[in-house]
């Protein structure tokens, strides 16, 4: 990220899982507001990004989050049949299933991404899901995708160099 | 004239944390939701004999009145009919709370004097531990001998009837693998003992308790 | 208040020159102790001040206050801010407030981003350090994002001024009359054959004991006579399409086999019906009386029109009847067996739902013996018994015709019980005291109320409780365990026996009575889930329609232009229902009289140069806002139809669709910032 | 139809008449019962009072034995056993701490356990598996004219009954009706008999029994039918004491399986009827057997 800015995470707390959440404006974001109004307590590891609909969640957002150091991603939408935009949540579900396969290929455990239907009245469910997922991530340990990607980059460069050298040698 | 008693309770009469401990026992988690509606007492066939009604016991536990609860006859009169548990509008498992209180009272030896029920419970447990099964007639005889020998005399007619109807069994039922059962039960008390020792508290195991004589 | 100066002359082109530089102002709100007690606001402000592009970073006690908003406005002018970020409460609460402040300061209101550090942070976390870390990350995400915001304009859509009111109980009636009196055209749709709802079944109303019919009937007639109100009874909403300002609603009108305009309610047909005896249970009298297949729901029904029950009428069922009713109505010819179900389409701009409640089924608590012992009745049944126009002409009698000398009222039947309904039904305490007073007045019986807690918070209600006590009604605090008919004592022979712990006296009692009245609680209508889907609303877990905000928007819903009133939102008494109905009507009027609605500019748009013409977005749009322009081979979005869900944006394989306010770039930056 | 069978201690002692009637009736209906080997006491309510975890271990030993037996459906006729086995399963499912200690204990005996056993009561099996029609077809000697108060007691229907209504159970009513008896409305059918207290606090426990007996008499019952060995004993054995305290309430209490055996025409001598303190009155039809059987000198006209 930008140079010269301190890291927000203090080492005193040790490693903390980072959970990025994409919540739809109408159901899950409102449910999270309700959890707040009801003063339900949950793990502070979650960072919510508000979208109008879970259908807006582009798989790239999820990959980007992992690439930027997230340990898990949570998507929250309205219950099937309750979508504010009729069926955006179904689209999210379909995309989510496809994404799962891709993530497996990348070696990212399935438990790191979760899709949940949480309606505006289910503040308690927000608490439950967030706590549950943060605990799961804690058990899984850090994903460290940014570092892994660097390592992959180094491998690739090395590979390219060897290929290049071999090619040169062949010439 | 009736004797005049002072009934005020001071804060020192409470045992802080008792309520929370009971609520921590498996099955007793719903206790904080009690709204003191009295359905449990109304549904209970035995509440009319109790010194505190089941509803009052809930209130006393919540308010940490440990001595009052454990020495009451309420927990011993509970016949485990589960009427209160299925009727409670807050789904508090009152019967399970009564069990938790009975266990506590036995463990601390504070049950009311002259109540034969805890003695029955102990004798029952002891017979299961040694034989694996219960032979009711033998159990009752032991109970009478320990708690209320006069009752043996008064119920001679019942015993006679049992003999006549072929139900007076004197040969104890027992299982074959008694060691297996004993070993299994031992794991519970051993683990618990270790856990308690780790917490720095000492409580007698049921086996030890049974070894003691009844007051 | 503290402020730290940021390094405005930072890196990158965007911040380089004076005119084109991004100059962000950041504000973090303490919200009194609400945020400040958990999040270290000064630390957040300090941290954000170090971020590139941030020229100003402040923490302040109450950002939503007038001085707070003025602070933003003056800072924009003084510090030439061109982006503003406020970290405070939920954007659903105050986004509009701050956008307006930004606009007043001379900036485009969409150069603004809000950070929710109250509902999503200080209220849900305890650890001050971790909460502060989180707040910093949240703030940074917004700062990163807001750089990429664009200047946007809201669009205005005109509002169709007609209103649909669903449900003709007291709430719906009051809302319809309010709107009609304001000169708006109202469609009032009621499922039952008459309007009036539950209130029409009541005898007197608490706490004033004025007669329900006397205050309701004039309002019902006013609905019928009102030039601006179109009343459709025996009708249901079948389909709802469109959006705020422009709803198209399909109404299903069930056939009553009677032409409403021709029938005058003379009831001669009823007398002539081939069924000589009235033998079918009468819904209005909760089965306590009988009616014929052709009937009028109750004497004061509006409209004053008979109807034919298709389940019972011989002609409708078999086609083989002498049709004596037709003869009776020979001169008016109002009866029409050829009537069919009819679908009517209307266009309205706003909708009020006042669909009411249903009563808890007392059979679900078998301990109270409802359905088993004939003299165990529900509160509504007693209500019909005490009404002078009811099946017994106001006589309270047992099933054998004799007068009860003792009665017991059991409160909270089905309510405050985790196995049935968790909630308090709010009206039963008062309702039961009212019935108890009437019971005593009519029969001089010894009346006992069995309660857990008496809840009498309404105006005049505590006084009414006192009146009940002084009139000699007995109160026993204890939830009744069971009602049985077996006697243990001589005085119990032939009686219903209540077993209860008198928790105040401190012992269990058996109390024999002649009659038992069950104060059954309120429940959401059986079809509340279907209704919710139809109107795209949210329901609470219990099934009540969910208001947009429990305090600040009690009659609004999450769907703009749809409002709720009365018991469909939760149990309430008549005054509260009327108050909500008036509020819902006022909300409609506010929208209608402004004439237009401003639409959030979060619509999707096509980057034509990237569109490959694959058409995969076309079927995704539920609003058919995307069309295909065959001439250029590219998709087009009609922004007037787009509702801004962004599903097409996420699905476009070429990345050719963007969404205002939620552009890919903005979200990527938000992700980047939030994980910094 | 085959079931694992857990009789429990009572059926070998005070409640032996229950087993004596249950086994032939089940056999007559083609139901095979395989008794668990080396089963132990379920712990009943008494053990729970001392130590709930140990009580669960006791019960779990039987459940684990059933799971490793040939049939996962475990039939248990005693209400206390039925309750304790169900409760152990629930605790095992709901509370990780109980699960851990049960698993630890079972491991010492090398008994694997996955909580797959289904605990069944004879009423459940007879009503749902055998069926009322099959029972009716076996009736050769309908018990017409016999008025029966059906008494279920507490622990069968509360709190774990899965096969019948907790407030107003009807499965025994239906079975008895199939035998031709007149089943009386008996609102006390699930009230507590005071069983666990009669031995220890008789003035309390017996009062509950007295109320049950008196109401049955008041309603004109000839006999009370029950499903629990403890209930049967309480309602049967203490009449003289009850009479002394509150007056007469004399009525016989038998197991419903005994009535089934009678209706099936099984030899009354094998059904354990002689073990009652208060004997059942002669059947209304007993004097004139409807079948072409020779009157049995042992039963004809004799008090059953």
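Okay, here's what the table says:
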| read-out | value |
| --- | --- |
| Residue satisfying condition, being without any contact (Cβ under 8 Å) to a residue 24 or more places away in the chain and either over 17 Å from the mean Cα position of the chain (by Cα) or under 19 Å from residue D:155 (Cβ atoms) (or both), within set D:76, D:88, D:108 | D:108 |
| Qualifying residue in the stretch D:256-268 (condition: within 13 Å of chain B (Cβ to nearest Cβ) and out of contact with any helix residue (DSSP H, G or I) (no Cβ under 6 Å at 6 or more places or on another chain)) | no |
| Boolean, residue B:198 is exposed (fewer than 12 other Cβ atoms within 10 Å of the Cβ), outside the structural domain of residue B:71 (by TED's automatic domain parsing), assigned to a helix (DSSP H, G or I) and modelled with pLDDT under 70 | yes |
| Residue identified as within 14 Å of another protein chain (Cβ to nearest Cβ), surrounded by fewer than 17 Cβ atoms within 10 Å (Cβ to Cβ), on the phi < 0 side of the Ramachandran plot and in contact (Cβ under 8 Å) with a residue 12 or more places away in the chain among C:612, C:654 | C:654 |
| Number of the condition not met by residue B:15 [criteria: (1) surrounded by fewer than 16 Cβ atoms within 10 Å (Cβ to Cβ); (2) touching a helix residue (DSSP H, G or I) at 6+ places or on another chain (Cβ under 9 Å); (3) under 29 Å from residue C:450 (Cβ atoms); (4) more than 12 Å from chain C (Cβ to nearest Cβ)] | (3) |
| Residues (in contact with a helix residue (DSSP H, G or I) (Cβ under 6 Å, 6 or more places away or on another chain), at the interface with chain A (Cβ under 7 Å from one of its Cβ atoms) and not in a helix (DSSP H, G or I)) located in the stretch C:106-147 | C:123, C:124, C:125 |
| Hey, residue B:143 under 27 Å from residue D:241 (Cβ atoms), at the interface with chain D (Cβ under 8 Å from one of its Cβ atoms), surrounded by 16 or more Cβ atoms within 10 Å (Cβ to Cβ) and at pLDDT below 75 or not | yes |
| Residue in the stretch B:78-91 that is at pLDDT 95 or above, more than 9 Å from chain C (Cβ to nearest Cβ), within 22 Å of residue C:422 (Cβ to Cβ) and outside any helix (DSSP H, G or I) present | no |
| Those strands (runs of 3 or more DSSP E) lying entirely in the stretch C:195-261 with at least 1 residues assigned by TED's automatic domain parsing to the domain that holds residue C:183, at pLDDT below 95 and at positive phi | C:235-243 |
| Whichever residue in the stretch C:541-550 is at pLDDT 85 or above and outside any strand (DSSP E or B) and, among such residues, is nearest to the other protein chains (Cβ to nearest Cβ) | C:546 |
| Single match in C:347, C:358, C:363 (criterion: in contact with a strand residue (DSSP E or B) (Cβ under 8 Å, 6 or more places away or on another chain) and free of Cβ contacts under 8 Å to residues at least 60 places away in the same chain) | C:363 |
| Within the stretch D:45-66, tally of residues that are at pLDDT below 90 and more than 10 Å from every other protein chain (Cβ to nearest Cβ) | 0 |
| Residue list for the stretch B:118-140, filter: more than 7 Å from chain D (Cβ to nearest Cβ) and either within 23 Å of residue B:104 (Cβ to Cβ) or modelled with pLDDT under 85 (or both) | B:118, B:119, B:123, B:126, B:127, B:129, B:138, B:139 |
| Members of the stretch D:244-254 that are outside any loop (DSSP other than H, G, I, E, B), more than 12 Å from chain B (Cβ to nearest Cβ) and more than 16 Å from residue D:199 (Cα to Cα) | D:246, D:252, D:253, D:254 |
| Enumeration of residues in the stretch C:551-573 that are closer than 25 Å to residue C:210 by Cα, in a loop (DSSP other than H, G, I, E, B) and touching a helix residue (DSSP H, G or I) at 6+ places or on another chain (Cβ under 8 Å) | C:565, C:572, C:573 |
| From the options A:159, A:98, A:137, A:93, residue that is assigned to a helix (DSSP H, G or I) and without any contact (Cβ under 8 Å) to a residue 12 or more places away in the chain | A:159 |
| Boolean, residue C:509 is within 18 Å of residue C:409 (Cβ to Cβ), in a loop (DSSP other than H, G, I, E, B) and within 13 Å of chain B (Cβ to nearest Cβ) | no |
| Meets criteria (out of contact with any helix residue (DSSP H, G or I) (no Cβ under 6 Å at 6 or more places or on another chain), more than 14 Å from every other protein chain (Cβ to nearest Cβ), in contact (Cβ under 8 Å) with a residue 12 or more places away in the chain and surrounded by fewer than 20 Cβ atoms within 10 Å (Cβ to Cβ)) for residue D:140 | yes |
| Residues satisfying the stated conditions in the stretch B:54-68, i.e. in a helix (DSSP H, G or I) and at pLDDT 95 or above | B:54, B:55, B:56, B:57, B:58, B:59, B:60, B:61, B:62, B:66 |
| Where residue C:33 falls short, out of the listed (1) surrounded by fewer than 19 Cβ atoms within 10 Å (Cβ to Cβ); (2) in contact with a strand residue (DSSP E or B) (Cβ under 8 Å, 6 or more places away or on another chain); (3) over 30 Å from residue C:155 (Cα atoms) | (2) |
| Residue list for the stretch C:583-616, restricted to those being over 30 Å from residue C:628 (Cα atoms) and more than 14 Å from the chain's Cα centre (by Cα) | C:586, C:588, C:589, C:590, C:591, C:592, C:593, C:594, C:595 |
| Yes/no for residue C:674 being within 7 Å of chain A (Cβ to nearest Cβ) and surrounded by 14 or more Cβ atoms within 10 Å (Cβ to Cβ) | yes |
| Residue in the stretch B:92-112 that is farthest from residue D:48 (Cα to Cα), counting only those that are buried (at least 24 other Cβ atoms within 10 Å of the Cβ) and more than 9 Å from chain D (Cβ to nearest Cβ) | B:92 |
| Candidate set from the stretch C:620-640 (those that are touching a strand residue (DSSP E or B) at 6+ places or on another chain (Cβ under 9 Å) and closer than 17 Å to residue A:88 by Cβ); member that is nearest to the other protein chains (Cβ to nearest Cβ) | C:622 |
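The values are calculated or read from the model by the stated rules, or taken from the named source; none is laboratory data. What you are looking at is a predicted structure, and each value in this text was computed from that prediction instead of being measured. All Cβ positions, glycine included, derive from the backbone under ideal geometry; neighbour counts span all protein chains shown.
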